[in-house]
Each structure stands twice: as structure tokens, then as C-alpha cells.
């Protein structure tokens, strides 16, 4: 006997006549009529300790006197095609559409949430009527080519960032080692770059006002990744902006933002602002959201044949303009290309 789903199932695999000698069979006989499966204390006649249970709540008891017949399955094992016949079978088959489950699912750009700062820069530059690429720092000066050696401009920029990420601003003695280590990480040979020139360039950077503040900073964040939740537009769902801040440091109770560039410096601060104002706005806004204060200074530091620092000033009008441009850029990236105007 077994109990399943509140129904009593009695097996008919034993003879009904012999005496029930085991304790288990005696217990069954005391509780149930083994010929019918009905309980000895019939709840319908009131002879039970559970008289308060209603008749409709008592589970049905089904009695089987014959072994159930299991219907034969109509499913057959599929025939396996011999490998030698596979090519002929494929050639004789007719092409058909792939099942829906294998179709390419189109990207729902309208529900997109994550955006990189770099892709937003391209859209914002287009909205401003600018040509975003190439940027000024993508075209090295003739004398800079001697510093970079055979490294492409972007790879030279990567080298400088890797070194500055690990540099101890109070101890420059390990500069050559850091450069060699960065070249190895980039899978370049030492002969491909003028190590002495890079050392001289970075030592020149250490004489700048930004480097002086870095030496006294109590907190320095380098190559700081961030994810900014952007909710400025009332008619848009929130967006997540991803980017990386070159250098953020805290000194004398204030945060300072420093961004490294490794190419041709702009002719003026206005030109630098035109190319990097939006990027610095997003970085500064992220810092304000994370630490509760707008950066006390925002500087672009160009590391070429000489070091050039450019201060970026973002007025309230500029911040409002960049906010509108950012919202428009997100809207455009959430619009299918076929629907863009």
C-alpha cells in the first residue's frame, strides 16, 4: 500500500485468504477492509475520530482488481542516417526557412540604457556641427614623432597613461622601469620608443602646477571607471553613462579633475573647450554626483614635446547647453537609424 495525492492505493499482489501475520499487515487490516479498500471506521456512518470532516472533503478511494494496461507508445526512435549517405541526403533536400527560434532578434534601441561617453561625444559633436574625428591629439607634432618612436599616436597615448597610472609623484626614480613595464604590457620592444625622451617629458610634467598639487594630495584616483545614472530628461527613461576619468585627486578639501592628452595642443582654450568641453562636463557632473561637490579645477594636460596645461571653465550656461545636447544624443541613439532625420 502507498499513499499518493491523498488517495489510498491498495495492491492486489497478495492472496486474500492467508492470515496476516506481520505487524504492518495487521495495521492495514485494522484500518482498512483489504477486499474493498474502504476504511474500517467508515466516516459516512460516523464511526471515526475525524467526525468533523465533511463528506466532500474525504478523498476518493479507487480499488483496482486488475493490473492496468499501459498503452504502447506510437513514438519511434528516428532512423539514424549513415554518414556515407549524408552528402546525398543534403543535396536532395529542399531549403526552407529557419525556425523562428533561430532567427536574429532585432535590437530594441528604444529601450537601450547603457551608453559610453566616447560614443556620446561623437553624436554631440555632430549636433554641434563639428567633425569629431580626427581630434587634435590624433595628429602628433613632428618633434613628438621622435619621442614616440615607431609607436602610433594612440599607442603612445596608452603608454603615457599606463606610466602615469603607476607613477609615484614624490619619487621619479622608477620612471624607466615603469616605461619598460608598460611597453612589455603593450607587447612593444624598448627599441621602438625613446625611453629617455619619455622620461624627460614626464619629468617636465612633474614641474606643472597640477603635479605640485598631486604631490600634496591626500587621495588620488587614477584611471577611475564610473557609471553615471542620468535622469535629467523628464520624457526619457534613465540612462547609464560609462566612462573612465584619467586622474581625480583631493587636496586642501577640494576635488580636482585632470585629463591627459598626448598630441597636438589646441591653439587656444576655446578650441580645447570645443573639443573636450562635453567630455569634461560629464566627468565633472559624475564627480559632483559621487562626492557632492563640483571640481575646484578642471585641467587638460598635453604631454607632447613639451607640457601644456589648459584650464577648462564650464559656466552655468555651458552646463545647461551640454545637458540639452546630452539628452538629444541619448534620444538619437535610442531612435532606429531608419527613423533618424
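A few notes on this one:
- Over segment 209-293, relative contact order from alpha-carbon pairs under 8 Å, at least 6 apart, %: 24 percent
- Cβ crowding within 10 Å ranks 113, 319 as 113, 319, fewest other Cβ atoms first.
- nm² value of the averaged projected area, convex hull over the Cα atoms of segment 232-341: 8.9 nm²
- From most to least packed by mean Cβ count within 10 Å, the peptides 23-31, 323-331, 268-276 give 323-331, 268-276, 23-31.
- Order by protection proxy (mean Cβ within 10 Å, highest first), peptides 82-88, 224-230: 224-230, 82-88
- In segment 182-292, the C-alpha radius of gyration followed by the widest Cα-Cα span (Dmax) gives 17.3, 55 angstrom.
- Normalised contact order of segment 282-335, rounded percent, pairs of Cα under 8 Å and 6 or more residues apart: 19 percent
- Ranked list, fewest to most other Cβ atoms within 10 Å of each Cβ, for 287, 105, 310: 105, 310, 287
- Overall dimensions of segment 214-277, expressed as equivalent-ellipsoid semi-axes from the Cα gyration tensor (√(5λ), whole Å, largest first), are 25, 21, 11.
- Put in order of Cβ neighbour count within 10 Å, fewest first, the listed residues 111, 237, 210 become 111, 237, 210.
A short reminder: the numbers here are calculations on the coordinates, not readings from a lab. Since the structure is predicted, the reported quantities are computational estimates derived from the model, not experimental observations. Using ideal geometry, Cβ is built from the backbone for each residue, glycine included, and neighbour counts are taken over all protein chains shown.
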